[in-house]
Amino acid sequence: MEIIAIILFISILVLILYGYPVAFTLGGLSVLYAICFIDPIAYSAIPPRIMGIVTNYVLIAVPLFIFMGIMLERSGLAESLLETMAILFGKVKGGLAVSVVLVGALLAASTGIVGATVVTMGLISLPTMLKRGYSPELATGTIAASGTLGQIIPPSVVLILLGSVLNVSVGDLFKAAIVPGILLVAVYIMYILIVAQLKPENAPVIPAEEIEAFKANNFLRKLIVAFVLPLSLIVAVLGSIFAGIASPTEAAGVGALGAIILTIQQRKFNLAILKEVMQETTLLTSMVFMILIGATVFSFVFRELEGDIFLIELIQGSNLSTYAFLFMVMLVVFVAGFFIDFIEIIFIIVPLVAPIFTLMEIDLVWIGILLAINLQTSFLTPPFGFSLFYLKGVAPDTITTQQLYRGIIPFLLIQAIILLLVVLFPNILMR
C-alpha cells in the first residue's frame, strides 16, 4: 500500500509537469486510486473534509486580499507613489532604484500578489529607469526582486495558505515575517547604493531642474496622496491584526473596503473597473479553492494508503538530523518552484512533510517563514523563475533574457543570505 501511495504522488507530479490542470489532476487521479485500492467505507470521510475546507473561516481572507490587491493595482496609486518617491531620492546615486524597492515593499504590504506587483512595477518603472540611463541588469533585477517581496511581506497570500496547511495562526506568521521582509528590503537598498557608488554610470541621479519642477507643483498634496493613504491602509490592515483587534479575515475585509475608497479618491473607480476586479478575483479564488479541494482529496487518499507512515518510517530509518531533513525539504521545494506554482507546492508537498516536522518538535511558524522565503527565491531563479517570466512579458524588446538573468543573480545571493540567517538565528522572528 505504501508503494502505491508513492506511485500516486509521482504520477500526479508527472501529469502536472506535462501540463494537465493541477486541481483536476490532484482530485481526479486520487479518486481513481481510491476506487482501485481503498475500502469503499472510507469514501464517506471525503465530503466532510471538503466542506471543512470550503467553510474554513481563515481562508475567506484569500479572496478579500486578492480583491484588495487587484483594486489597488487599478487605482493608479503605484504610479504616483513611484513618482513621488523617485523625486525624494532623486539626488542620491541609485535613488530611483531605491524608490523602486521601497514602492515594491509598500505594494507587497498592500496587495500580497506577486504577479500583479511585478507586472505593475515593470510597466511603470522599467521604461523610466532605462530612459534615465540605468543599466538593464540593475533595472530588471531591482524590479523582479522588489515585485516578489509580496511572497514574504504581510499580508501575503502565501502565508495565509501556509497557515492553513501547517495549522498555525496566520497572525503569528504575519508577525514572524516582518523582520525577514525588512531585512530583505534593507539589504537590497544597501546593494543598490554600493553599486551606484562603484559604477555611477549604471545608476545616475535625477536632474536637479526636474526635481524642482516636480516640487513646485503642489508637492505637499502629492506627498500626502502618495504616502499617507497607502500607509493608512497598511496600518489599518496589519495594525488591527497585530493589536488583536481583528482576525486576518476581518482585516482583509477592511483592506478590501479601503482599496475601494482609495480608488474612488484617485477618481479611477467605476462600474467597469469594479466588474473587472470582481471577475479577476473570482477567477483566482476559484483556482485556489479548486486546487485546495483536489489537494484535500489527495491528502486523504495518500494517508489511507499509509503513505505518510511510510515517509515517517523512511526518515526515522535514515537517521537524518533535523537540519539534514530541513535541507532536503527546502531543496525539494526550491526545485519544485521552477516548474509548479507556489499554490501547488503548498498543497501537495507541505502536507506530506508537516507531520514529520511536528514529530521532530520543530516550530511550524519558523518552518512557514523558511518555506515562504524559499518559494520567493525559486520565483527569482533562472531559467524558470515565474517573476522573470512576468517581467519579460512586459519588458521592452531591447531587454534580453541574458540581461534579465545577470541582473537577478546578486538579489538571489541576498535572498540566500537572508534565508541562511533565519535558519541559523530563528529568534530574529517576531512572536
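Residue by residue, here is whether (1) crowded, with 24+ Cβ neighbours inside 10 Å; (2) without any contact (Cβ under 8 Å) to a residue 12 or more places away in the chain holds:
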site: Leu88; (1), (2): no, yes
site: Val92; (1), (2): no, no
site: Val103; (1), (2): yes, no
site: Val118; (1), (2): yes, no
Exercise for review: Look at the range 338-348 and say how many of its residues are part of a helix (DSSP H, G or I), out of contact with any Gly (no Cβ under 8 Å at 6 or more places or on another chain) and within 15 Å of Leu380 (Cα to Cα).
Suggested key: 2
**Study point:** Top-ranked residue in the range 306-341 [being among the small types (Gly, Ala, Ser) and under 20 Å from Leu375 (Cβ atoms); ranked as surrounded by the most Cβ atoms within 10 Å (Cβ to Cβ)]
**Key:** Gly337
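Does the range 291-300 contain any residue that is without any contact (Cβ under 8 Å) to a residue 24 or more places away in the chain and within 19 Å of the chain's Cα centre (by Cα)? Can you show your working first?
First, pick out the residues of the range 291-300 that are without any contact (Cβ under 8 Å) to a residue 24 or more places away in the chain: none.
No, because not a single residue in the range 291-300 is without any contact (Cβ under 8 Å) to a residue 24 or more places away in the chain and within 19 Å of the chain's Cα centre (by Cα).
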Check your understanding: Do you know which residues across the range 381-407 are at pLDDT 90 or above and under 17 Å from the mean Cα position of the chain (by Cα)?
Key -> none
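So if I check each of Ala5, Ala61, Ala34, Ala45, which one is of a type in the set (A, V, I, L, M, F, W, C), within 30 Å of Leu274 (Cβ to Cβ) and in a helix (DSSP H, G or I)? Before you say what the answer is, go through the steps one by one.
Numbers: Ala5 fails: within 30 Å of Leu274 (Cβ to Cβ); Ala34 fails: within 30 Å of Leu274 (Cβ to Cβ); Ala45 fails: within 30 Å of Leu274 (Cβ to Cβ).
Answer to the selection: Ala61.
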**Study point:** Every residue from the range 8-24 that is part of a helix (DSSP H, G or I), farther than 22 Å from Phe310 by Cβ and either modelled with pLDDT of 85 or more or aromatic (Phe, Trp, Tyr) (or both)
**Key:** Phe24
**Study point:** Failed item, numbered, when Ile362 is tested on (1) touching a residue at least 40 places away in the same chain (Cβ under 8 Å); (2) surrounded by 14 or more Cβ atoms within 10 Å (Cβ to Cβ); (3) assigned to a helix (DSSP H, G or I)
**Key:** (3)
Point to revise | Lone qualifier among Ala61, Ala97, Ala34 - being modelled with pLDDT of 85 or more and closer than 28 Å to Thr117 by Cα | key: Ala97
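What number of residues within the range 401-431 are free of Cβ contacts under 8 Å to residues at least 40 places away in the same chain and part of a loop (DSSP other than H, G, I, E, B)?
1
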Exercise for review: For the range 388-397, indicate whether the set of residues that are closer than 19 Å to Leu173 by Cβ, crowded, with 20+ Cβ neighbours inside 10 Å and in contact with a helix residue (DSSP H, G or I) (Cβ under 9 Å, 6 or more places away or on another chain) is non-empty.
Suggested key: no
Revision key, fill the gap. Subset of the range 125-139, residues buried (at least 20 other Cβ atoms within 10 Å of the Cβ) and of a type outside the set (Gly, Ala, Ser), comes to Leu126, Met129, Tyr134, Pro136, Glu137, Leu138
Exercise for review: Working only within the range 306-362, note down all residues that are within 26 Å of the chain's Cα centre (by Cα), more than 19 Å from Leu419 (Cβ to Cβ) and among the aromatic types (Phe, Trp, Tyr).
Suggested key: Phe339, Phe347
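For the range 34-73, name all the residues that are of a type in the set (A, V, I, L, M) and over 18 Å from the mean Cα position of the chain (by Cα).
Going through the range 34-73, the residues of a type in the set (A, V, I, L, M) turn out to be 34-35, 38, 41-42, 45-46, 50-51, 53-54, 58-62, 64, 66, 68, 70-72.
Within the range 34-73, Ala34, Ile35, Ile38, Ile41, Ala42, Ala45, Ile46, Ile50, Met51, Ile53, Val54 meet the criteria.
The values are calculated or read from the model by the stated rules, or taken from the named source; none is laboratory data. Note that this is a predicted model, so its numbers are computed, not measured. Counting neighbours? That spans all protein chains shown, and the Cβs are built from the backbone with ideal geometry, glycine included.
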